[in-house]
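Take a look at the structure below.
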Amino acid sequence: MFLQTLIPNLPISLGQLAFDVVGALGGIMIVYGVFLELERRQDLVFAVGAYALFVYALYIDSNLFAIVMLGFFIASTVEFIEIYVGLHKHSPEDLKRYKRMK
């Protein structure tokens, strides 16, 4: 009985397994994105991971989780587009201030 509470039930259908895998990969991508140095790649990995978790949240019918992941997806996508277009830049004063913060 003890292990039944720790180990979740295995998915019965292939569709359920697919949604579980999408959710797990989304979580892994968001954690991996934290360790990326290049901001452009970080935003792209965050956007893909947040979208995967948004799909999973819709599948498990969690409205709050879906809204949070949709917001994170939109924010990451907007910042990626700003970087790609050239609107998101750091001034030399910002870089000096960031170095002093260390």
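Couple of notes before you dig in:
- Coarse-grained scattering of the stretch 14-101 at q = 0.17, 0.18, 0.20 Å⁻¹, given as base-10 log I(q)/I(0) from a Debye sum over alpha-carbon atoms: -0.74, -0.80, -0.91
- Karplus-derived HN-Hα couplings along the stretch 67-80 (A = 6.51, B = -1.76, C = 1.60, θ = phi - 60°), whole Hz, x at Gly and Pro: 5, 5, 5, 5, x, 5, 4, 5, 4, 5, 5, 4, 5, 4
- Highest mean packing first, where packing is the average number of other Cβ atoms within 10 Å per residue, the peptides 13-23, 72-82 line up as 72-82, 13-23.
- Between residue 32 and residue 87, residue separation times 0.36 nm minus the direct Cα-Cα distance comes to 17.3 nm.
Where a number appears in this text, it was derived from the coordinates with a stated rule and is not lab data. Note that the coordinates shown come from a computational prediction; the quantities given were computed from them, not determined experimentally. Using ideal geometry, Cβ is built from the backbone for each residue, glycine included, and neighbour counts are taken over all protein chains shown.
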